[in-house]
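Coordinate-derived values only; no laboratory data. As the structure is a prediction and not an experimental result, all values here were calculated from the model. Reconstructed Cβ throughout: ideal geometry from the backbone, glycine too, with neighbour counts over all protein chains shown.
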Amino acid sequence: MSQSRYLLILVGALCLILIGCTPQAAPPTVTPVPPTDEPTEAVAAAEEPLRVLRLDSYHIEFAWSYEIQQGVLQALADNGYDTETDAVVFDEFFMDTKRNTGDDYFEQIAEETMEYIRETQPDVVIANDNNAARLVAAPMRDEGVNFVLVGYNGDPAALELTDSAYIAGVLERPHMEEMSAWIEQVFGEETRVAMLADGSETSEAMLVEDTGLVDTVNETSLEVVDVSLINDYAEWQEHVKAADEMTDILFLGPYATLRDENDDAVEAADALEWTLENSPVPVMGFWEEGVHLGMLGGSVISGYVQGYDAGVKAAEILGGAEAGDIGFSVPPRGKLMISRSAMERWDIDIPLDLLEVSEIIEP
């Protein structure tokens, strides 16, 4: 055996002894990561969760507010901002400005609300109804706080809300073209309609200001014979009991600011229950919750839909969109609903085709 070949065999044997007979994989290549002061997305979410504040003009027991809340929460979850996780903090602040209506209270609660917002620094505030918009969103429109208005009646431009880069919203508008067609189909043409509401700013904006609601009805074969805004509960009751002297249908607007003989707030649920039991003519309304409580039905505004649309806008803002670029919108259609108890109470026959396309609320 040659010397060179002997050396080759000897080197191979030594290698087998040192590293074993199994071939070894090359070590993985590690690409160095440059240092950064920015936390990862998961750490950022844990340390600084996104904050959503739902600001409400009403009180916590109000059904309309609950419907809006449910819509908001679902929309946020559907768009990646589930409030059940640690990444999103969902907060609520109830201003209770329907049962407390004095100017002194309005000034006090507005200051308390704005102070709370400045302290907690929410990423977006979802503000329900005109009072929250007028008392809080409008004064803060240039402070850099993002607002999404919901359930807003009237023209937002009147408060310069459309000029702010930090305000978007969902407008609350009755679907009167659909509702008028529904009434014509159920009650016939030349049906008289009277509208009754409390004396709140919301009612004023909805029924009296130039929102086109009354004109829309009068452009059909129907006729609006009366629009009354009443805060005194005794006067309200007298108006309801005499409704058949002037109208075929009594339409209820908001009824959250009624006051009794002692100037105490009348609970909205109690006022509606009395009205339904004592009205000689069918009672209709603009909102979904009213049908659940015994109003007849028709094409109504859904608090859930209002809340859902507001939640979608809030999610866009959380994702980096500018509120002013999102702007204002109105849900395109109402929700068709019919109360079985109201049909029986006022002995009303609903055409089969309407029954088939409507949600029927059973007693």
Across segment 352-363, in residue order, what do the Karplus-derived ³J(HN,Hα) couplings come to in whole Hz, using 6.51 cos²θ - 1.76 cosθ + 1.60 with θ = phi - 60° and x for Gly and Pro? 4, 5, 6, 4, 5, 9, 10, 7, 8, 9, 7, x
Apply the Karplus parameterisation 6.51 cos²θ - 1.76 cosθ + 1.60, with θ equal to phi minus 60°, to every residue of segment 339-346 and state each ³J(HN,Hα) to the nearest whole Hz, in sequence, with x for glycine and proline. 9, 5, 5, 5, 4, 6, 4, 10
Would you compute the Debye intensity of the chain from its alpha-carbon atoms alone, equal scatterers and no solvent, and pass along log10 I(q)/I(0) at q = 0.07 Å⁻¹ to two decimals? -0.39
Take the alpha carbon atoms of segment 289-307, find their center, do the same for segment 343-363, and report the distance between the two centers in whole angstrom. 14
Of Asn262, Asn146, Asn130, which is the most mobile in a GNM of the chain whose springs link Cα atoms less than 10 angstrom apart? Asn262
Treating only the Cβ of Lys, Arg, Asp and Glu as charged (+1, +1, -1, -1), what charge dipole size does the chain show about its Cα centre? Round to the nearest 20 debye. 2580
If each residue of separation counts as 0.36 nm, what is the full-extension length gain between Arg118 and Glu209 once their alpha-carbon separation is subtracted? 29.5 nm
Using a 10 Å cut-off on Cβ atoms, rank the peptides 288-299, 215-226 from the highest mean neighbour count down. 288-299, 215-226
Taking Cα centroids, how far is segment 187-238 from segment 245-268 in Å? 13
Residues whose built amide H sits under 5 Å from the amide H of Ile126, excluding neighbours closer than 5 in sequence, are Leu53, Arg54, Leu55, Val148
Just need the Rg to Rh number for segment 284-363, please, alpha carbons only, Kirkwood Rh. 1.16
Go ahead and run the numbers for FRET between Ala77 and Trp346, Cβ-Cβ distance against an R0 of 56 Å, rounding to 0.05. 0.90
FRET efficiency estimate (nearest 0.05) - Cβ-Cβ, Asp325 to Glu245, R0 41 angstrom: 0.20
Report the one residue of Gly253, Leu336, Val52 whose Cα lies farthest in the direction of the positive end of the charge dipole of the chain (charges on C-beta: Lys and Arg +1, Asp and Glu -1; origin at the Cα centre). Val52
Can you tell me how much longer the chain between Asp353 and Asp263 gets when fully stretched, taken as 0.36 nm per residue apart minus their C-alpha distance, in nm with one decimal? 27.8 nm
Starting from the Cα of Asp96, step 7 Å toward the Cβ, then list every residue of segment 130-167 with an amide N under 11 Å from that point. none
Principal axis extents for segment 84-176, Cα atoms only, whole Å, descending order, please. 42, 30, 27
Name the helices (complete DSSP H segments) of the chain with a Cα length along the long axis of 24 Å or more and a Kyte-Doolittle mean of at least 0.0, or state none. 3-19
In cubic angstrom per residue, the convex hull of segment 110-261 built on its Cα atoms measures 117
Counting every C-alpha pair in segment 61-115, the percent lying more than 14 Å apart is 64
About the Cα centre of segment 246-341, how large is the charge dipole given +1 on each Lys and Arg Cβ and -1 on each Asp and Glu Cβ? Please answer in debye to the nearest 20. 560
Electrostatic dipole magnitude of segment 98-174 [Cβ: Lys, Arg +1; Asp, Glu -1; Cα centre; debye, to 20]: 340
Measure off 7 Å from each Cα along the Cα-to-Cβ vector at Arg333 and Gln185, then give the distance between these two points in nanometres to one decimal. 1.1
Eligible aspartates and glutamates near Lys241 by straight Cα distance, threshold 14 Å, same-chain separation 8 or greater: Glu273, Glu277
Taking neighbour Cβ counts within 10 Å as the exposure measure, how do Tyr233, Tyr66 sort from fewest upward? Tyr66, Tyr233
